[in-house]
Structure formats: C-alpha cells, structure tokens
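The values are calculated or read from the model by the stated rules, or taken from the named source; none is laboratory data. All values reported here derive from a predicted model rather than from experimental measurement. Here Cβ is always computed from backbone atoms with ideal geometry, including for glycine, and neighbour counts include all displayed protein chains. Side chains included, ligands, DNA and RNA excluded: accessible areas come from the protein's heavy atoms. Shrake-Rupley method; radii C 1.70, N 1.55, O 1.52, S 1.80 Å.
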Amino acid sequence: MPPSVSVVIPMYNEEAYVARAVSAARQVLEGMGADWEVVVVDDASTDRTGALADDLARADPRVKVVHNAANRQLGGSLREGWARASKDLVLYTDADLPADLAALPRAVHLLEYQQADVLAAYRFDRTSDGLRRAVLAFAYNLLVRVLFGLPVRDVNFAFKLFRRSLLERIGLRSEGSFIDAELLLRARRTGAHVIQMGVDYFPRRHGSSNL
C-alpha cells in the first residue's frame, strides 16, 4: 500500500525557499507513489512568503497554507501545522531543507520495518555550521540527555517523521524551540518506539533561520 504522508514546513520570511521546498517535497512524494500533502505554516511573515505559498496552493490542492495571525515561533507554528495534517505519517522539516528530502523513502521504510512511532534524524557532520554552533548543539544535546535521559543524538534537527496517531496521545504546549525535545519526551512517556537515522546535512545558503 502506498504511504500516506503529510509534510509540514514552518516558515517565517522564507520567500527565497518557498517554491524550492514545496517542489522538492512534491517530487519525492510523487516518486514514492504516496498519498500526500504539504502543509506550509506561514508564521506571520513580513515578506512575500505567505503570498508565494498561496500561489502554490492555488496551483495544487495538495498544498495547504496556514497563516498565523501573529508570530507563534517554531513550537506554535508546528503545533498548528500538525493539527492541520491529515495523512497517516507526518514529516516536519525546515524551509531551507537541511536534509535532502530524498531521504524520506528510507525514513518511511525504517519506520515501518522497525514498527516505530517516531524517527528522529541526526546529522552525520555539522562542522559546516562553524565551531561555535557545533559546540552549542553538542552542549544542548548533552544537557537534554542528562536532565531527561533522552538518548537522541540531534534533538533539534528538523527532520522528524512520526505517526499522526501519536499526536492524539500526547499534548504539546511548547511555543519555542523546545518543541522538538517535548515531542520526543512525551512520545517516550507514552511508550512510543523512537528510532534514529543519520542523514547528510546541508547548511542554509540564504538568510538566517528565524523560527
């Protein structure tokens, strides 16, 4: 049976990446023969992000756009997008595609093969981000592991695939970047099976991340 996948992409002032992100998702999902949708969450952008996303949605009904009336940051935007997702599996990633979406078929296969509920990807190598950011990421991942006993290598990396039914068992509240850790922690507390997968990392080329 073809997979059923929602791809949720939060965006704030990402006009340089809107078309590229949606096109990449469409190409991979159609190549998989999936029943699919892309949910773009425009987090009250002040550039043309929302308008460009609306143009894509008018051209393809499988593209949905959610417009936040006020900026809700990463956690609020993801929770809004996940609430609008309708497919069995949900992938979330960033607009600048830090991981090649060509990794999605493998992620779906691993999730099903291992009968897991959540797949959290980690970067094979993030040194291209610079020493300071690499050290900060290492420290954050270590802190989460020590404080919460969460053995995940790259907690905040924006490539997570999970079963939509999981959202019915957990209540997420985070508005900011703690949403990644909260998702994994609450999933684990319900007895969900969490697995990990390494991917190549591609740093942002335009602008800066604002979510």
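Values computed for the structure shown
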{"quantity": "All positions within the stretch 187-207 that are part of a helix (DSSP H, G or I), within 21 Å of Leu110 (Cα to Cα) and either open to solvent by 20 Å² or more (accessible area, probe 1.4 Å) or not aliphatic (A, V, I, L, M) (or both)", "calculated": "Arg188"}
{"quantity": "Any hit, the stretch 143-161, residues being more than 26 Å from Ala103 (Cα to Cα), assigned to a loop (DSSP other than H, G, I, E, B) and of a type in the set (Gly, Ala, Ser)", "calculated": "yes"}
{"quantity": "Unmet criterion (only one of (1) over 13 Å from Arg163 (Cβ atoms); (2) part of a loop (DSSP other than H, G, I, E, B)) for Leu78", "calculated": "(2)"}
{"quantity": "All positions within the stretch 130-170 that are free of Cβ contacts under 8 Å to residues at least 24 places away in the same chain, open to solvent by less than 40 Å² (accessible area, probe 1.4 Å) and under 24 Å from Arg205 (Cβ atoms)", "calculated": "Gly130, Ala134, Ala137"}
{"quantity": "Residue identified as exposed (fewer than 15 other Cβ atoms within 10 Å of the Cβ) and under 15 Å from the mean Cα position of the chain (by Cα) among Ala70, Ala83", "calculated": "Ala83"}
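Residue-by-condition table, conditions (1) open to solvent by 30 Å² or more (accessible area, probe 1.4 Å); (2) under 26 Å from Pro105 (Cβ atoms); (3) in a strand (DSSP E or B); (4) charged (D, E, K, R):
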site	(1), (2), (3), (4)
Pro2	yes, yes, no, no
Glu15	yes, no, no, yes
Trp36	no, yes, yes, no
Ser45	no, no, no, no
Asp54	yes, no, no, yes
